[in-house]
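The values are calculated or read from the model by the stated rules, or taken from the named source; none is laboratory data. This structure is a prediction, so every number in the text was calculated from the model and none was measured. No Cβ is skipped: glycine too gets one built from the backbone with ideal geometry, and neighbour counts run over all protein chains shown. Accessible surface areas use protein heavy atoms only, side chains included; no ligands, DNA or RNA. Shrake-Rupley method; radii C 1.70, N 1.55, O 1.52, S 1.80 Å.
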Amino acid sequence: MEFGRFPVLLRRELAKGVIELWITCPNAVNAAPGQFVGILCEGMPLRRPLSICRTDERNHAFCVVFEVRGAGTQWLAARGKGELLDVLGPLGSGFDLSGCESKSAVFVGGGIGAPPLLAAAQRFGSRADVLLGFRTAASVILLRDFAGTGAHVFIATDDGSAGHRGLVTELLGARLDRAPCDIVYACGPKPMLSAAAEIAAAHGVRCQVSLEERMACGVGACLCCASKIRDASGGEHYRHVCKDGPVFEADQVVF
Ligand SMILES: Cc1cc2nc3c(=O)[nH]c(=O)nc-3n(C[C@H](O)[C@H](O)[C@H](O)COP(=O)(O)OP(=O)(O)OC[C@H]3O[C@@H](n4cnc5c(N)ncnc54)[C@H](O)[C@@H]3O)c2cc1C
Ligand code: FES
């Protein structure tokens with residue numbers, strides 16, 4: 001883990017209020033899928049945590065894809081090529097991808113929970129099914145990028161304007177009813193993660209989820225991001241999402 005000031009290489013708007021920023025940063029190129037960075041936004045003392053969506057070894061760069069939510073992401077969205085960003089990372093522990101060269105996986109992403117899954121899906125290639133849920137067709141992002149990994153990609157939207165009309169977890173249930181898989185990875189809003197965990201458990205499939213909590217230090221030094229996690233004997237403890245996660249075994253998370 002290192003920090004420093006690194007230049008923006010590229011900025012693109014993927015959908016209304018959803019920005020992709022590529023940042024030249026040799027430290028983050030070897031990040032594991034599911035890890036994140038903390039970016040300092042002007043006038044704000046606390047770094048904003050953003051998942052590393054993917055890396056580009058040739059250009060020594062990584063990208064984050066984020067939704068403008070408040071002052072920090074609004075400031076970040078206005079950065080352009082060449083501007084320097086104060087970046088700390090890579091942080092946290094990513095997805096367990098052991099066996100990805102032979103195992104099959106189903107990825108479940110809800111909205112802005114889709115980008116953190118891209119690099120992991122890439123490792124599985126055509127042995128991955130990717131299920132992505134969005135509000136409407138206009139908010140669909142990274143469709144071509146996921147398809148480019150070789151994965152089979154399916155979309156759900158709340159209003160039916162693209163793909164299945166309804167919840168992305170309905171696609172997960174139908175997928176697991178049809179055929180088993182070795183593991184499910186999920187990232188998105190908590191109710192979606194909880195439903196994905198339940199569906200995977202009902203089908204006897206291991207599931208890993210990436211949790212989002214408000215963060216302060218980002219490195220395990222405060223208690224801001226504490227989340228209740230169950231151990232093997234059923235005892236419940238608080239763990240740091242920033243340091244022990246953000247990825248956890250779904251059956252250990254107390255939703
Ligand atoms: C490990 C991790 C990875 C993340 N990866 C991404 C990503 O790849 N793309 C992305 O768009 N967002 C991601 N987030 C969420 C992102 O960090 C917040 O949206 C951002 O910090 C908001 O900052 P802000 O100053 O714009 O908004 P603020 O003014 O701080 O808050 C605006 C709204 O966002 C909510 N919010 C703030 N921080 C968080 C948080 N950490 N988690 C959930 N909600 C929050 C607040 O409750 C409030 O409703 C991630 C969060 C974590 C913990
Ligand atoms: S944000 Fe400080 S311990 Fe996680």
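Side notes on the structure shown:
- Note on segment 21-76: residues that are within 16 Å of ligand 2 (Cβ to nearest atom), out of contact with any Gly (no Cβ under 6 Å at 6 or more places or on another chain) and under 21 Å from Phe124 (Cα atoms) amount to 1.
- Pair list, Cβ under 6 Å, 6 or more apart: segment 203-223 residue without any contact (Cβ under 8 Å) to a residue 40 or more places away in the chain, other residue assigned to a strand (DSSP E or B) and within 15 Å of ligand 1 (Cβ to nearest atom): Glu213/Ser227; Gly220/His240
Residue-by-condition table, conditions (1) open to solvent by 10 Å² or more (accessible area, probe 1.4 Å); (2) out of contact with any Phe, Trp or Tyr (no Cβ under 9 Å at 6 or more places or on another chain); (3) assigned to a helix (DSSP H, G or I):
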| residue | (1), (2), (3) |
| --- | --- |
| Leu117 | no, no, yes |
| Phe146 | no, no, yes |
| Val153 | yes, no, no |
| Asp159 | yes, yes, no |
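Yes or no, residue by residue, for (1) away from ligand 2 (no atom under 16 Å from the Cβ); (2) in the same structural domain as Arg123 (by TED's automatic domain parsing); (3) of a type in the set (Lys, Arg):
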| position | (1), (2), (3) |
| --- | --- |
| Ala162 | yes, yes, no |
| Val168 | yes, yes, no |
| Ala174 | yes, yes, no |
| Arg178 | yes, yes, yes |
| Cys181 | yes, yes, no |
| Ile199 | yes, yes, no |
| Gly204 | yes, yes, no |
| Cys222 | no, no, no |
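- Options Cys222, Cys187, Cys181; residue that is more than 18 Å from the chain's Cα centre (by Cα) and within 16 Å of ligand 1 (Cβ to nearest atom): Cys222
- Contact map, segment 164-184: residues that are without any contact (Cβ under 8 Å) to a residue 40 or more places away in the chain and open to solvent by less than 70 Å² (accessible area, probe 1.4 Å) paired with residues that are in a helix (DSSP H, G or I) and not basic (Lys, Arg), Cβ distance under 6 Å, separation 6+ or inter-chain. Pairs shown: His164/Leu171; Gly173/Ile199.
- Condition met for Lys103 (part of a loop (DSSP other than H, G, I, E, B), open to solvent by 10 Å² or more (accessible area, probe 1.4 Å) and closer than 30 Å to Cys207 by Cβ): yes
- Segment 224-255, residues that are open to solvent by 80 Å² or more (accessible area, probe 1.4 Å), part of a loop (DSSP other than H, G, I, E, B) and within 16 Å of ligand 2 (Cβ to nearest atom): Lys243
- Among residues that are more than 21 Å from Glu213 (Cβ to Cβ), crowded, with 24+ Cβ neighbours inside 10 Å and under 13 Å from the mean Cα position of the chain (by Cα), Ala121 is included.
- Criterion: open to solvent by 30 Å² or more (accessible area, probe 1.4 Å) and in a strand (DSSP E or B) - qualifying residue of Asp96, Asp86, Asp129: Asp86
- Pairs with Cβ under 6 Å, 6+ apart, first in segment 125-137 and within 17 Å of Leu171 (Cα to Cα), second of a type in the set (A, V, I, L, M) and part of a strand (DSSP E or B): Ala128/Ala105; Asp129/Val106; Val130/Val153; Leu131/Val108; Leu132/Ile155; Gly133/Ala156
- Matching option when the condition is on the phi < 0 side of the Ramachandran plot, free of Cβ contacts under 8 Å to residues at least 60 places away in the same chain and either within 20 Å of the chain's Cα centre (by Cα) or buried (at least 22 other Cβ atoms within 10 Å of the Cβ) (or both), among Cys53, Cys63: Cys63
- If you filter segment 228-255 down to residues that are within 14 Å of ligand 1 (Cβ to nearest atom) and in contact with a Phe, Trp or Tyr (Cβ under 7 Å, 6 or more places away or on another chain), you find that the one that is farthest from Gly89 (Cα to Cα) is Val247.
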